[in-house]
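Laboratory data are not the source of any read-out in this text; all were calculated from the coordinates shown. Here the structure is a predicted model, which means the values were calculated and not measured. Cβ atoms come from the backbone with ideal geometry, glycine included; neighbour counts cover every protein chain shown.
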Amino acid sequence: MKRFVAVSLAVLMLLTVFASAASAQDVIEVRSSVFNGSDIDDIIDTYGNGTILPIDASRFPIFYYDIDDNVSTEVVFIVDVPGTENNVIGEGGLVYITKIQPIGYEYDNPAAGWDNYSLIGFGARKAIPLKPDKADKLAQLVLDSDDKYTIRTGELLDLGEGYAIEARQVDVDGKKVWLEFTKDGEFVDDE
C-alpha cells in the first residue's frame, strides 16, 4: 500500500510539473477591444460618435495589419440606421471598406519604379491589386520577405503556392538577368 501511494504521488508530481510548464508556454495575446453596452445603440453611443462606430485592425484583430510598417487597410462601420436596435443591426448598417495602401520596398530606387507596391487587406489576407490604383482585380500576395536570395543560372527560387522564378541567362556585364516565371512548373511569363 505504501509503495502504491509513493508511486502515485511521484506520478502526480511529474504530471503537475509538465502541465504547469505546458500552460506557461501556451499563453497567447490577442489585441482587441471589448465593447460593453446594454444594446447596439448603447455601444454606438459609447464607443462611436452616436451614429457611427468604426472598427479597424486596432479594435478587431482579424483585420489585416502590418506591424512593421504600421499599415492597416480594413475597417467596418456599424451605422445607426432604422432597424438598429437591441442586438440587431438594421439593413445597410454594416459597411465594410478596404483601401489600397502603398508599402515601401527595403530596396528603394524611385527612378527605376522601386519605391513601393500597392497592397490591400481583404478578409485579413494580403492581396495585390493588378492595377496600383484600382482594386477591381486582385491577386494573392505569395511572398513578402526582407530576405535576400542568390540564384545561379538554371536554379529555381521557390516563391510558395506553386510559383517559382528561374534565372535563365545573365548578360556578360552581369547587370541584366533573363527570368522565367512559372506556376506549378508551367511557364507563365519571362523577361
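Trypsin sites (Lys or Arg not before Pro) within region 29-118: which are DSSP loop residues with at most 14 other Cβ atoms inside 10 Å?
Arg31, Lys99
Computed over the Cα atoms, what is the radius of gyration of region 90-191 divided by 2.2 N^0.38 Å, N being its residue count?
So the Cα radius of gyration is 1.35 times the expected 2.2 N^0.38 Å.
Between the DSSP loop rule and a limit of at most 13 other Cβ atoms within 10 Å, which trypsin sites (Lys or Arg not before Pro) in region 139-191 are left?
Lys148, Arg152, Lys175, Lys176
Using a/c under 1.5 as the rounded threshold, could you call region 26-141 rounded, prolate or oblate? The axes a ≥ b ≥ c are square roots of the C-alpha gyration tensor eigenvalues, and prolate needs a/b larger than b/c, oblate otherwise.
prolate
Count neighbours as other Cβ atoms within 10 Å of each site's Cβ, and list the GluC sites (Glu not before Pro) in region 58-120 that are DSSP loop with at most 15 such neighbours.
Glu91
When only Cα pairs under 8 Å and 6 or more residues apart are kept, what is the percent relative contact order across region 143-191?
Answer for region 143-191 is 25 percent.
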